[in-house]
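To keep things clear, I will list the structure first and then write my remarks on it.
The values are calculated or read from the model by the stated rules, or taken from the named source; none is laboratory data. Computed from a predicted structure; not experimentally measured. A quick note on method: Cβ atoms are made from the backbone with ideal geometry, for glycine too, and the neighbour counts reach across all protein chains shown. Side chains included, ligands, DNA and RNA excluded: accessible areas come from the protein's heavy atoms. Shrake-Rupley method; radii C 1.70, N 1.55, O 1.52, S 1.80 Å.
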Amino acid sequence: MDKLQGKVVVAQGGGPTAVINQSLVGVVLESRKFPQITKVYGAVNGVNGIINERFLDLTQETTNNLERVAVTPSSALGSTRDKPDAKYCEEIFEVFRMHNVRYFFYIGGNDSADTVRIVNEQAEKSHYEFRAIHIPKTIDNDLVLNDHTPGFPSAARFVAQSFIGLNLDNRALPGVHIGVVMGRHAGFLTAASAVAQKYPDDGPHLVYLPERPFTMEKFLDDVDNVYKRLGRCVVAVSEGIQDEKGTPILTKFKDLGCDAHGNVQLSGTGALGELLVQQVKNKLQVSRVRSDTLGYLQRSFMGCVSDVDQREAREVGEKSAQFAIWHDTDGSITINRTGYYSVDYQIQPLDKIAAKTKLMPDEFINAQGNNVTPDFKYYLQPLLGSSMIEASRLRAPEAPTIRKKD
């Protein structure tokens, strides 16, 4: 078969991450090596930019500047929350045909994989020679067939270090502190709060994930037990905690709006933390109760990036170009762990990834459903990268008293 000649389009979709631009630059630089590639375009604001023909000609971007962009968090091309249906994907395909785009790389989560699948099917129906690759990205770590996904390790590093600070603050001024972490259906990111525990009484003392039913009664009982034992309690809770019927806990106490996909808007508000604070104050009579919602800080915090995450995000971009252009293949790139710690990259059929969600496995969650297991910490530790900070305590003995007490 003759080499497929034409343009490349690369786009970024969904929430930004600290390393998504590594994947972008990996695609661009690797694609520019192949003589059959006439141009490398970047779609501004994801698929929305494609249907509106808003492209940056990245063939004319310098390698030096691309490398600077690679280490800059968030989506350099801009992103979108558009969730294309079949008609939308037909428009994408028509724009591709007009511009003689033969290779499409979409960096995103499972919805992005579904978009790539539909566009690719449209090309097949039209007998248009075309290669489409989904490049994994999500801080939620919820793409099936992946050991982990680019963006998650850096976000997990941020969460782990944030809870080091929350624990230290809580130890200095005891009380109950609740930290709310992103995660609608999968609890990987919230679970990362526990990975940096060093001393036996370090928080978080309780971790609540969407994979286990949440009841207010059990939560209050758990907090009460820890508080009576330690005189303080640090809690990590996923924004997506839900009851046994799958109803988000927050919606049972507060009316919330929905996003463009029909999902209840759990992020961007401190409502869950405030709700839990009031419950602890009112039911347990604890005077000092505080909450923090980590919110969007988890996604693109510049000073807290895993070097492992950066390296792998670059490689999935490079491998996607190689699979599509060199090997003439469609699909979704997956990261597979081959040792402690090494990975390789494979390509899977798009329909095996698209619109599917990976959850925390049972062996990562304790029997009580309120914390993680050592197996999870073993899984996460190598992803966090080098130079993870740790906290230390004073070890000096207490000096004897002089004044006699009555």
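Key figures for this structure:
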item: Output for the range 200-250, where each listed residue is among the hydrophobic types (A, V, I, L, M, F, W, C) and in contact with a Pro (Cβ under 7 Å, 6 or more places away or on another chain); result: 234, 235, 236, 241
item: Hits in the range 92-124 (condition: under 29 Å from the mean Cα position of the chain (by Cα) and assigned to a strand (DSSP E or B)); result: 103, 104, 105, 106, 107, 108
item: Residue check, residue 95 crowded, with 23+ Cβ neighbours inside 10 Å, among the aliphatic types (A, V, I, L, M) and modelled with pLDDT of 90 or more; result: no
item: Candidate set: the range 324-348, residues that are open to solvent by less than 30 Å² (accessible area, probe 1.4 Å) and closer than 16 Å to residue 121 by Cβ; chosen: the one farthest from the chain's Cα centre (by Cα); result: 331
item: Residue within the range 349-371 that is surrounded by 13 or more Cβ atoms within 10 Å (Cβ to Cβ) and of a type in the set (Asp, Glu) present; result: yes
item: Which listed residue, of 90, 124, is touching a helix residue (DSSP H, G or I) at 6+ places or on another chain (Cβ under 9 Å), more than 23 Å from residue 298 (Cα to Cα), open to solvent by 40 Å² or more (accessible area, probe 1.4 Å) and not small (Gly, Ala, Ser); result: 90
item: Residue 112 vs. criteria among the hydroxyl-bearing types (Ser, Thr, Tyr) and surrounded by fewer than 24 Cβ atoms within 10 Å (Cβ to Cβ); result: no
item: Hits in the range 221-253 (condition: open to solvent by 20 Å² or more (accessible area, probe 1.4 Å) and either in a strand (DSSP E or B) or hydrophobic (A, V, I, L, M, F, W, C) (or both)); result: 230, 242, 248, 253
item: Whichever residue in the range 372-399 is open to solvent by less than 60 Å² (accessible area, probe 1.4 Å) and among the β-branched types (Val, Ile, Thr) and, among such residues, is farthest from residue 209 (Cα to Cα); result: 373
item: Answer from 84, 73 - the residue that is in contact with a helix residue (DSSP H, G or I) (Cβ under 7 Å, 6 or more places away or on another chain), in contact (Cβ under 8 Å) with a residue 24 or more places away in the chain, open to solvent by less than 60 Å² (accessible area, probe 1.4 Å) and under 21 Å from residue 157 (Cβ atoms); result: 73
item: Yes/no for residue 67 being open to solvent by 70 Å² or more (accessible area, probe 1.4 Å), touching a residue at least 12 places away in the same chain (Cβ under 8 Å) and either more than 23 Å from residue 92 (Cα to Cα) or touching an Asp or Glu at 6+ places or on another chain (Cβ under 6 Å) (or both); result: yes
item: Any chance residue 305 is open to solvent by 10 Å² or more (accessible area, probe 1.4 Å), in a strand (DSSP E or B), under 27 Å from residue 196 (Cα atoms) and not polar (S, T, N, Q); result: no
item: Verdict on residue 345 being touching a helix residue (DSSP H, G or I) at 6+ places or on another chain (Cβ under 6 Å) and among the hydroxyl-bearing types (Ser, Thr, Tyr); result: yes
